[in-house]
Amino acid sequence: MMVHPHANDEIALAFHRLSEQAMQHYVSCQQQFSQQIAAYSEWHIDDDSGRLQLSDEYLTAQSYPLTAIATYIPAVQDFAWAWANDAFAAPISEAAPRLRELASHTQYQIFNTPSFVATPAELDTLCALALWHLQGSAVFKVKDAELWVCYVVH
């Protein structure tokens, strides 16, 4: 989410600074997590336990708790917060409503808006802000042809 070149109000500038910091943190976390999981060949999300399970026939399995962030339909750039979607099981969506706290923190009501149009770059920014706010260790994206689902890994 780029700041408009003519934006000069404090709220927009503060949001831009926060977004940039969150994105730098996101990139760093993603690199570290990619290295941690590089050796695993299989993954599975267990909705009942709210965990990402990684395995390989030669390695000890790893498991990470997850919080659902959002769903995204790339063909129409439709972004929908997980807190507004009852399709997520309780363990994965338990902390999702905390993402609404970003509305009061940033003064941007997009965090209280159930769904909206977002570009892939904006999706990454929103995931970075979710990662920062929930103090996770990475973001895990499940990208199917028609639907992407984004999670914070704890």
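The values are calculated or read from the model by the stated rules, or taken from the named source; none is laboratory data. Keep in mind the model is a prediction, meaning the values are calculated, not measured. A quick note on method: Cβ atoms are made from the backbone with ideal geometry, for glycine too, and the neighbour counts reach across all protein chains shown. Remember, those area values only see protein heavy atoms, side chains included, never the ligands or the DNA or RNA. Shrake-Rupley method; radii C 1.70, N 1.55, O 1.52, S 1.80 Å.
Close contacts from region 87-105, counting a first residue that is of a type outside the set (Gly, Ala, Ser) and a second that is open to solvent by 30 Å² or more (accessible area, probe 1.4 Å) and not in a helix (DSSP H, G or I), with Cβ to Cβ under 7 Å and a gap of 6+ residues or different chains, come to PRO91/ASP48; PRO91/SER49; ILE92/ASP47.
Just to be sure, is SER19 in contact with a helix residue (DSSP H, G or I) (Cβ under 8 Å, 6 or more places away or on another chain), open to solvent by less than 20 Å² (accessible area, probe 1.4 Å) and of a type in the set (S, T, N, Q)? Spelling it out, SER19 is indeed in contact with a helix residue (DSSP H, G or I) (Cβ under 8 Å, 6 or more places away or on another chain), open to solvent by less than 20 Å² (accessible area, probe 1.4 Å) and of a type in the set (S, T, N, Q).
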